[in-house]
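Worksheet for the structure shown next.
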Amino acid sequence: MNLQELARDNVRALTPYQSARRIGGHGDVWLNANEFPRAEPYSLTQPLNRYPECQPPALLAAYAAYAGVRTEQLLVSRGADESIELLIRAFCEPGSDAVLYCPPTYGMYNVSAEAFGVARRTVLSGDDWQLNLTAIETALDETAPRIKVVYVCHPNNPTGSLLDHDDLRRLLRMAEGKALVVVDEAYIDFRPDMSTASWLSEFPHLVILRTLSKAFALAGLRCGFTIAHPEVIQLLLKVIAPYPIPMPVADIALQALSGDGLQSVRRNIAEVIDNRRWLQQALSQCSCVDRVFPSEGNWLLVRFSDAERAFRALGEQGIVVRDQRQQPGLDGCLRITIGTHEECERVMQALKF
């Protein structure tokens, strides 16, 4: 039996998302996955002999208080990645509907849609990585395939840029009655003043994705949140797994959202911003660097005069970064996660070639 022939055609043709761990690498300084460089000292307190609740009420209440929303506007999932898929499963008809996203951006919007047999439409970002609203409006007016979900990343990975709020409002108005607008705020904890969460009452088709992976230093926990109109949340609950949040995940997430936990998060953010400022200044004075792009996340996007040589030089010193040269408009670019100050200094030492 040829097992490949049993699989769906689109799955056989699918190129999976190349996560940092899937790509791999060799070294002791991991600056390729936008993780916080140190672990937090959380411990497990709950027994594991019972099934967990689908949506743990205490966890929803804690994150609602943190995000300034109501619990009925929240869904907790296995990272924000699961929410990307749930939205496609709930709102897109395979073979007739489409999602739209704006490269260069996070690759899971494409992979998730392709895995479910949903068409993908792209509109390249414009100047300064802002939305090309004219092209997006044209795409939204087309009926075959009909765009049902628009994904925008804010701050955008990998460019580090924030989207203009006026542009986001225009996008929401032009998508009204046509599509959901999903604002991926995985890195918004580094710029909470730029969140769109307060817009939910104005735009019921707005959906916001959040995560504990970045500023909360819990990438290994796989805990994310969807913030949306209660009707959207109820639709997503129809397609989510029966036990999406293991008890240890809910347990540790609650600790992270406690008063002490949030103090640690604020310290993490301050440390990242300080180290990012230092590394940005140091890189801007490096002879092998053409440009350091401004960043509002926990990384820097850097264009090198010889990116292959820079990538190799870093690797030879045990420093693993993310190659972004395959993304549209990112020729010569590497993405460097902000590590500890010592790790940032090691990056600069390795680039002295």
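The values are calculated or read from the model by the stated rules, or taken from the named source; none is laboratory data. Quick caveat: nothing in here was measured; it's all calculated off a predicted structure. Methodologically, a virtual Cβ is constructed for each residue, glycine included, from the backbone with ideal geometry; neighbour enumeration extends over all protein chains shown. We work out accessible area using only protein heavy atoms, side chains counted, and drop any ligands, DNA or RNA first. Shrake-Rupley method; radii C 1.70, N 1.55, O 1.52, S 1.80 Å.
Brief remarks on what is shown
- Rounded to 5, percent antiparallel among DSSP beta bridges of the chain: 50
- For the range 14-71, the normalised intensity computed at q = 0.13, 0.23, 0.26 Å⁻¹ comes to -0.74, -0.95, -1.02 (log10 of I(q)/I(0), Debye sum over alpha carbons, equal scatterers, no solvent).
- The range 262-353 - Rg (one decimal) and Dmax (whole number), Cα, Å: 13.0, 41
- Local net charge near Leu133, Cβ-Cβ under 11 Å (Lys/Arg +1, Asp/Glu -1): -1
- Here the Gaussian network model covers the chain, with springs between Cα atoms less than 10 Å apart; of Ala13, Ala219, Ala241, Ala13 fluctuates the most.
- Amide H contacts of Asn34 (H built 1.01 Å from N, in plane; Pro and chain starts excluded): Thr337 sit under 5 Å, all sequence-distant by 5 or more or on other chains.
- Across the range 31-145, the volume of the C-alpha convex hull divided among the residues equals 191 Å³ per residue.
- The H on the amide N of Arg291, modeled in the peptide plane, is under 5 Å from the matching H of Arg303, each at least 5 residues off or on a different chain.
- Taking every protein chain into account, the accessible area of the chain amounts to 45 square angstrom per residue (probe 1.4 Å).
- Electrostatic tally near Glu308: other residues with Cβ closer than 12 Å to its Cβ, Lys and Arg +1, Asp and Glu -1, net 0.
- By accessible area with a 1.4 Å probe, ligands and nucleic acids excluded, highest first: order of Ile84, Ile252, Ile23: Ile23, Ile252, Ile84
- Solvent-accessible surface (1.4 Å probe) assigned to Arg8 amounts to roughly 120 Å².
- The lysines whose alpha-carbon is closer than 19 Å to the alpha-carbon of Lys178, local same-chain residues fewer than 8 away aside, are Lys148.
- Within the listed set Arg12, Arg322, Arg276, the Gaussian network model of the chain (springs between alpha-carbon atoms below 10 Å) gives the highest mean-square fluctuation for Arg12.
- Max-minus-min Cα coordinates of the chain on each principal axis give 56, 55, 50 Å, with the largest extent listed first.
- Here the Debye sum runs over all C-alpha atoms of the range 170-279 as equal scatterers in vacuum, and log10 of I(q)/I(0) at q = 0.13, 0.21 Å⁻¹ comes out as -0.61, -1.20.
- Rounded to the nearest 10 Å², the accessible area of Cys54 at probe 1.4 Å: 40
- For the range 69-130, the orientation-averaged shadow of the C-alpha convex hull comes to 5.4 nm² (one quarter of the hull surface).
- The heavy atoms of Asp331 offer some 110 square angstrom of accessible surface to a 1.4 angstrom probe.
- 222 nm mean residue ellipticity, helices alone, for the chain (DSSP H n ≥ 4; -39,500 (n - 2.57); rounded to 500): -10500 deg cm²/dmol
- Against the criterion of solvent-accessible heavy-atom surface with a 1.4 angstrom probe, Ser295, Ser96 sort, most first, into Ser96, Ser295.
- Accessible surface of the range 124-208 [probe 1.4 Å, protein heavy atoms]: carbon and sulfur percent: 46
- Whole-number percent relative contact order across the chain, with pairs defined as alpha carbons under 8 Å at least 6 apart: 23
- Among beta bridges that DSSP assigns inside the range 174-320, antiparallel share in %, nearest 5: 65
- Calculated on alpha-carbon atoms, Rg and Dmax of the range 151-226 in Å: 12.6, 37
- Of all accessible heavy-atom area on the range 230-353, the percent that carbon and sulfur account for (1.4 Å): 48
- If you run the Gaussian network model on the chain, springs between alpha carbon atoms under 10 Å, then out of Asn157, Asn110, Asn132 the most flexible one is Asn132.
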